[in-house]
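This report refers to the structure that appears directly beneath it.
The values are calculated or read from the model by the stated rules, or taken from the named source; none is laboratory data. Please read these numbers as outputs of a predicted model, since none were measured by experiment. All Cβ positions, even for glycine, are placed from backbone atoms using ideal geometry, and neighbour counts span all protein chains on display.
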Amino acid sequence: MATHQIELSDPKKAVPILSEFLSDILAEEQVPFEIENAMQLCAEEAVVNIFKHGYKGAEGPVRVRFTLDDNRVILEIEDEAPFFNPLTLPSPDVDAELDERKIGGLGVYLIRSLMDDVRYQETPKGNCLVMEKSFSG
């Protein structure tokens, strides 16, 4: 089992640093390209939302832990923002006409759609979102 971790704090630099971190690990571990795409998209969505909504655009600690266990990738994203379970958000109406849809709200829907399992855990200091994706080796 391989585990890697990175801490992000600057909302302006977080996404490119996170992207490079995940790309390097996923390439090193020879994770299939479609799994890499899903992990990148979901991790970016979660981290952007933490800085935008949890920290209100300010700096704050975000820890991203990547674990590869056989043919399963696990991403744990922890923050110290106010408690908030994003999985309680209602699903957007993706069948509505484009001009009838409200802007935003697709991030959690996207994460749920791309991952095999998504869980939220409240931590002593904040929040932890756990995302898992399996693949055939």
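Below, the figures for the structure above:
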item: Region 1-15, subset over 14 Å from the mean Cα position of the chain (by Cα) and not in a loop (DSSP other than H, G, I, E, B), residue farthest from Val108 (Cα to Cα); result: Ala2
item: Residue selected from region 121-137 under the condition under 22 Å from Tyr55 (Cβ atoms) and loosely packed, with under 15 Cβ neighbours inside 10 Å, by the criterion nearest to the chain's Cα centre (by Cα); result: Gln121
item: Leu22 being out of contact with any Phe, Trp or Tyr (no Cβ under 9 Å at 6 or more places or on another chain), modelled with pLDDT of 95 or more, part of a helix (DSSP H, G or I) and not hydroxyl-bearing (Ser, Thr, Tyr); result: no
item: Residue count, region 116-137 (criterion: touching a residue at least 60 places away in the same chain (Cβ under 8 Å) and under 17 Å from Asp70 (Cβ atoms)); result: 7
item: Residue pairs meeting the criteria (Cβ under 9 Å; at least 6 apart or on separate chains; first free of Cβ contacts under 8 Å to residues at least 40 places away in the same chain, in region 1-27; second of a type in the set (Gly, Ala, Ser)); result: Ser19/Ala43
item: Condition check for Glu36: in contact with a Pro (Cβ under 7 Å, 6 or more places away or on another chain), charged (D, E, K, R) and more than 11 Å from Leu129 (Cβ to Cβ); result: no
item: Count - residues of region 64-80 that are farther than 20 Å from Glu28 by Cβ and surrounded by fewer than 20 Cβ atoms within 10 Å (Cβ to Cβ); result: 1
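Rundown of residues vs (1) in contact with a Gly (Cβ under 7 Å, 6 or more places away or on another chain); (2) within 19 Å of Val130 (Cα to Cα), yes/no style:
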{"site": "Gln5", "(1), (2)": "no, yes"}
{"site": "Lys12", "(1), (2)": "no, no"}
{"site": "Leu22", "(1), (2)": "no, yes"}
{"site": "Glu28", "(1), (2)": "no, no"}
{"site": "Ala43", "(1), (2)": "no, yes"}
{"site": "Val64", "(1), (2)": "no, yes"}
{"site": "Phe84", "(1), (2)": "yes, yes"}
